[in-house]
Amino acid sequence: MTDFRQELLAAFGIEHQEHLGAIRAALAAAGRGQEFDLRDVFRRAHSLKGAARAVDLPVVEELAHRLEAVFTAVGEGGLALDAPAIAAIQLGLDGVEGYVAALAGTPEPAAPEAARRALEGLLSAPVPEAPPRPAPEPAAAAPEPPPAAETGPAIEYLRIPAGQVEALAGAVHALSDSLGRQAGLEAGLRGLEAAMRGLRRDFDGFSRAAVPGAARSETFGRELDRMARELGQLTRAQREAAWTAEAAAAQLRLEAGRISLVPAETVLGSLGRMARDLARDSGQPVAVRLEGLALQADRRVLQALKDPVTHLLRNAVSHGLDSPAERARRGKPEQAEIALSLEARGGLLVLRVADDGRGPDLARIEAVAVQRGLLPARDSATPPPPAEQLLSLVFESGFSTAEAVDRLSGRGIGLSV
């Protein structure tokens, strides 16, 4: 297995645990009769499917697709999220987790058939009607249950080259040394302050005593000269130490910042292959162009962008590409193009996903919006809504112009993410 493949799987290992943990927390709430966000659960399954596709794990992709269908059935009222259903979903989640964990020992672990059958059973079994809930009877106030233990933040892991860690350690030592020298200068300045107070006392004593003026002036002058030399030395040393400390602090800030910077390729690089695979599955010749992925960016920013970019690319394949016949009629090249590009502009990271397809079908968007009650029907004499209003609808959760639900589109989640 190549180092790059290992990095992709390591990133997916962290990402899939976050999705599984969120789904399990929601199932636990459902089991206690508490409210939970079904849309977030569905989005997690949808994102897990896309992430699995990006790292070429078809077994996990298949299980995530079934999870997605299960949560769709729950949302549409076709499946009751009762104890048996929760147990079957948990088995599906365990199947995903076990399969990913087994990748560390073998490149092709056995598929978790029990998990697949459990999810298929949920999708094919008839759903019994829920019995009517009895009216609550008055009862003595029960003691409140102890608060659930708070779940700490998810642990994140970051692979850092040894050279960067050594550079950061060196910068820390340099700053520490500089601060140590500052402490010595502070002691010298305190000594000089004490000497000046002593000189003042001596001068007052000379004034009160009958010391000849010439002798008094000579003694006083020697002390002033000595103190001036010491003050000059301390000032130069203080200036040099301050400059050194500032330089060490700047280097430390630079090295600390580099720790969290990774090439965009390490997080987003697999998405190009995912888009090509999806295009091949659709039967269309598509060139996927990636630009600027050597750019160094904050890993957390790139990781936060991965889900949206995944869905944008999937959307470009499923909705953005026109048919070969339509491309020929419009004089376009036979091969379609999808592009993902990144660039740094000042302090900003600019990311673009583009395709050379037909563009959004505004009439179809309006028809679906009218069908769903999001827009009123209009006659032929009424002008259509503005394009900006129609385009804003495609970002609504559950809105899709696809004719049917398949592995690529139709759920109305991609652009919502």
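Every number here is computed from the coordinates shown, using simple stated rules; none is lab data. All values reported here derive from a predicted model rather than from experimental measurement. Positions of Cβ are generated from backbone atoms using ideal geometry, with glycine treated the same way; all protein chains shown enter the neighbour counts.
For E223 and A28 in one chain, what is 0.36 nm times their gap in residues minus the Cα-Cα distance, to one decimal in nm? All intermediate terms of the calculation are to be shown ahead of the outcome.
Details: separation 195, 0.36 × 195 = 70.20 nm, distance 8.06 nm.
Gain in length upon complete extension: 62.1 nm.
How would you order 103-109, 62-68 from highest to lowest mean count of nearby Cβ atoms within 10 Å? If you can, show how the numbers build up before the last one.
Working: 103-109: 11.1, 62-68: 23.1.
Ranked by mean Cβ neighbours within 10 Å, highest first: 62-68, 103-109.
For A247 paired with Q233, estimate the spin-label separation in nm (one decimal), with each label point 7 Å from Cα along the Cα-to-Cβ line.
2.3
Applying a 10 Å radius around every beta-carbon, put 276-284, 262-270 in order of their mean neighbour count, most first.
Details: 276-284: 15.4, 262-270: 20.6.
Top of the packing list down: 262-270, 276-284.
Take Q17 and A101, extend 7 Å from each Cα along the Cα→Cβ direction, and tell me the distance between the two endpoints in nm.
1.1
Quote to one decimal, in nm, the extra length available between A354 and E35 on full extension: 0.36 nm per residue of separation minus the C-alpha distance between them.
On the way: separation 319, 0.36 × 319 = 114.84 nm, distance 3.87 nm.
That works out to 111.0 nm of additional length.
Residues with amide H under 5 Å of A287's amide H, sequence separation 5 or more or different chain, H placed in the peptide plane at 1.01 Å from N; which?
A336, E337, I338
Per residue, how big is the convex hull of the stretch 284-352 when only Cα atoms are used? Give it in Å³.
Numbers: hull volume 6.6 nm³, N = 69.
About 96 Å³ per residue, rounded to a whole number.
For the residue pair M196 and K332, what label-to-label distance in nm results when each label sits 7 Å from Cα along the Cα-to-beta-carbon direction?
Output for this residue pair reads 7.9 nm.
List, in order, the whole-Hz ³J(HN,Hα) value for each residue of the stretch 97-111 obtained from phi through the Karplus relation with A = 6.51, B = -1.76, C = 1.60 and θ = phi - 60°; use x for Gly and Pro.
In residue order, the calculated couplings are 5, x, 5, 5, 5, 6, 5, 5, x, 8, x, 9, x, 5, 5 Hz.
How much length would be gained if the chain were fully extended between F395 and A287, taking 0.36 nm per residue of separation minus their Cα-Cα distance, in nm to one decimal?
Working: separation 108, 0.36 × 108 = 38.88 nm, distance 2.61 nm.
Between F395 and A287, full extension yields an extra 36.3 nm.
So for the stretch 3-124, what percent of the C-alpha to C-alpha distances run longer than 23 Å?
Values: 1874 of 7381 pairs.
Cα-Cα pairs in the stretch 3-124 separated by more than 23 Å: 25 percent.
Could you order the peptides 311-324, 371-384 from most to least packed, using the average number of other C-beta atoms within 10 Å per residue? Walk me through the numbers on the way to the answer.
Values: 311-324: 21.3, 371-384: 9.6.
For the peptides 311-324, 371-384, the packing ranking is 311-324, 371-384.
For the stretch 324-333, what does the Karplus curve 6.51 cos²θ - 1.76 cosθ + 1.60, with θ = phi - 60°, yield as ³J(HN,Hα) per residue in whole Hz, taken in order and with x for Gly and Pro?
With the stated coefficients, the stretch 324-333 comes to x, 5, 5, 5, 5, 5, 8, x, 8, x Hz.
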